[in-house]
Amino acid sequence: MANSKYEYVKSFEVEDEVMFPNLILVCINARNFSTFSKLHNLDKPYDLNALKLMNSCVVSVLEEYADVVFAYGFSDEYTFVLNKSSKFYQRRASKVLSIITSFFSSVFVTKWGDFFPQKELQYAPSFHGHVISCATIQVLQSYLWWRQNICHVNNLYDQCFWRLVKSGMTETKARNELKGAAEKSKLNERLFDEFGINYITLEEIYRQGSCVLKTVVEDIVKYTENGAPVRRCRRKIIMVHNKKIASRRFWNDQTILLKELGSFVEEIDNVKPEYVRSFEFDSKLMPSTWIVVRLDGCHFHRFSEIHEFVKPNDERALKLMNSCTLAVFEEFPQDIVFAYGVSDEYSFILKRTTDLYQRRASKIISAIVSLFTSTYVMRWKDYFPHSELKYPPSFDGRAVCYPSTEILKDYLSWRQVDCHINNQYNTCFWNLVASGKSKREAQQSLKGAQLQKKIEELAIDYYKLPIMFQLGSSVFWDRVDNVLIHDENGKSSESYGKVTVEHIDIIGSAFWLEHPSILGEKQ
């Protein structure tokens, strides 16, 4: 990070560490999945390929992150459980949540064609979630019992509902028909009497959900000269569909779960949802403050090297980041008023009066990071038409509240100063590397150097470099043509104009004087 007088803004960041010995659960579910499934014509009540895609994404998460040892999910939701000694990103709830949600979203888009080869992905899907801090293994047991019971109840209802709809009934009438029939016995009877369906014969993946976990298997790795097999134990990811995952019998049969999480001591038969929800690690952001959601690429040095980005700046990569930002603006037009980006990071500014997700930090962070990531994967080919995406990228995020417009401007100034100094350094560094120096020699040459003098020594015409490299990208609504739009149903909504991307000085006052509505919130 560059040192500047604006560095004080970092003091507003609040740590959200999940303290030991609490277990960390990351719970995610799809945003607006009913709309997504309708647009993509997914089968009802559940699309088997969609469930298999979700499960495949979960397997990828367990393969990518050694700390995630167990996951349970159904429909469009999944919960990931980290081992009890996990120090994954030092147990910061926002970072753990955003990374897993981001990676899951990335894999979902990447693998879509494997499961739906005949269906084009119409728009970038996204997920949001929250963290549960389990004080004891018994809380985890209660949570799993609760979610699997929800899976069963929802599936029983949905099986009846969609069969009524397919028989010719409207969705509204089907809902009215099933009112008061929430009891399992009544739904079971209706399913059998009207449609000849014995519920217990339906596929387990519908009735019980899916468990993905790490287990130990013994493999033959070689044979001795005498032909005797040499066996080694290794970890393997498996998927199971079990009637009661919160039972002692199932759980205590899993060696790795016992070691990494602990054992279930007693059986449970009932859980109050309020009890489990009380452990949610989900604070609401302070009202009447500016919310900044900053996302950063995870291990993007490696990502840029593997994908052969141009150094020190790849214009294609920066434009892809800007394009993803436009998508986020269009998804949240009433809440995001400004964004600033450089390299592999972007800061989104939500207005002081926003009530997006009731200002719940986890949902805001995960939704923005997820949408940004899935858009990044979907639009990769638009900016890198001759380069295959070799593996799913991911981003982490955090949310910080700033109490005044002046402090918010100082935050943005801090990021732009950082952009300027880092760009000067990187321009010098890669110039030295291009001249024949090793990366280590280039680093030593720049250690303690005054960058401006070094630029002159290297005869770099710095101010002829693209302005985007020097100043980063500022994204905001151009609200000149703010009008009301009336649709066919007589409803009216405000046009938010056009999102524009500019590369301009935001440290001085000129830009803000020219655009008073951005932070003045005269929407």
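So the values come out like this:
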{"read-out": "Region 4-162, dipole about Cα centre (Lys/Arg Cβ +1, Asp/Glu Cβ -1), debye to the nearest 20", "value": "140"}
{"read-out": "About the Cα centre, charge dipole magnitude for the chain (Lys/Arg +1, Asp/Glu -1 at Cβ), debye", "value": "1060"}
{"read-out": "Cross-link reach list, lysines versus K319, counting only Cα pairs under 23 Å and skipping chain neighbours closer than eight places", "value": "K311, K381, K390, K464, K498"}
{"read-out": "Alpha carbon Rg of region 259-343, scaled by the compact-globule rule 2.2 N^0.38 Å", "value": "1.81"}
{"read-out": "Shape metrics for region 1-148, restricted to C-alpha atoms - Rg then Dmax, Å", "value": "17.7, 57"}
{"read-out": "Relative contact order [Cα under 8 Å, 6+ residues apart], region 69-171, whole percent", "value": "18"}
{"read-out": "Region 1-41, accessible area per residue, ligands and nucleic acids excluded (1.4 Å, Å²)", "value": "59"}
{"read-out": "Rounded percent of accessible protein surface that carbon and sulfur make up, region 356-451, 1.4 Å probe", "value": "49"}
{"read-out": "Lys, Arg +1 and Asp, Glu -1 on Cβ, resulting dipole of region 198-247 about Cα centre, debye, nearest 20", "value": "220"}
{"read-out": "Full-extension gain in nm, I200 to K186, via 0.36 nm per residue minus C-alpha separation", "value": "3.6 nm"}
{"read-out": "Ranked order, K243, K390, K214, K119 - accessible area, probe 1.4 Å, largest first", "value": "K243, K390, K119, K214"}
{"read-out": "Axial C-alpha extent at least 15 Å, average Kyte-Doolittle at least -1.0 - helices from the chain (DSSP)", "value": "48-64, 93-115, 137-166, 315-331, 361-378, 405-434"}
{"read-out": "Approximate shape of the chain as ellipsoid semi-axes (Cα gyration tensor, √5λ), whole Å, largest first", "value": "44, 31, 22"}
{"read-out": "Separation in nanometres of the label points that stand 7 Å from Cα toward Cβ, at K447 and W162", "value": "6.3"}
{"read-out": "Region 67-132-region 11-25 distance, computed between alpha-carbon centres (Å)", "value": "19"}
{"read-out": "R316 - accessible surface, heavy atoms, 1.4 Å probe, Å² rounded to 10", "value": "90"}
{"read-out": "Selected from T500, M321, I518, residue furthest toward positive end of dipole (the chain; charges at beta carbon)", "value": "M321"}
{"read-out": "Leading residue at positive end of dipole, the chain (Cβ point charges), from Y463, A93, L25", "value": "L25"}
{"read-out": "Summed residue charge, Cβ within 10 Å of Q90's Cβ, Lys/Arg positive, Asp/Glu negative", "value": "+2"}
{"read-out": "Rounded if a/c under 1.5, otherwise prolate or oblate - region 355-428, Cα gyration tensor axes", "value": "oblate"}
{"read-out": "Quotient of Cα Rg and 2.2 N^0.38 Å for region 183-269, N being how many residues it contains", "value": "1.67"}
{"read-out": "A66-S85 pseudo-label distance in nm [points 7 Å out on the Cα-to-Cβ vector]", "value": "1.1"}
{"read-out": "Efficiency of FRET between D355 and E315 - r from beta-carbon atoms, R0 30 angstrom, step 0.05", "value": "0.20"}
{"read-out": "Size descriptor, Kirkwood hydrodynamic radius, that averages inverse alpha-carbon separations across region 105-156, Å", "value": "14.3"}
{"read-out": "Positive-end residue of N226, V271, G297, charge dipole of the chain with Cβ unit charges", "value": "N226"}
{"read-out": "Per-peptide average of other Cβ atoms within 10 Å, ordering 420-428, 193-201, 78-86 highest first", "value": "78-86, 420-428, 193-201"}
{"read-out": "Additional length obtainable on full extension of the chain from R175 to K52, 0.36 nm per residue less Cα span", "value": "41.5 nm"}
{"read-out": "Cα centroid of region 231-288 to Cα centroid of region 147-212, whole Å", "value": "26"}
{"read-out": "Sequence ranges 406-414, 441-449, 258-266, ranked by mean other-Cβ count within 10 angstrom, highest first", "value": "406-414, 258-266, 441-449"}
{"read-out": "For region 350-411, accessible area per residue (1.4 Å probe, heavy atoms of protein chains only), Å²", "value": "36"}
{"read-out": "Where only C-alpha atoms are counted, convex hull volume of region 258-301 per residue in Å³", "value": "154"}
{"read-out": "Mean ellipticity per residue at 222 nm, deg cm²/dmol - from DSSP H runs of n ≥ 4 across the chain, formula -39500 (n - 2.57)", "value": "-13000 deg cm²/dmol"}
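The values are calculated or read from the model by the stated rules, or taken from the named source; none is laboratory data. Keep in mind that what you see is a predicted model, and the values were worked out from it rather than measured. Counting neighbours? That spans all protein chains shown, and the Cβs are built from the backbone with ideal geometry, glycine included. What goes into the accessible areas is simple: the full protein's heavy atoms, side chains included, and nothing from ligands, DNA or RNA. Shrake-Rupley method; radii C 1.70, N 1.55, O 1.52, S 1.80 Å.
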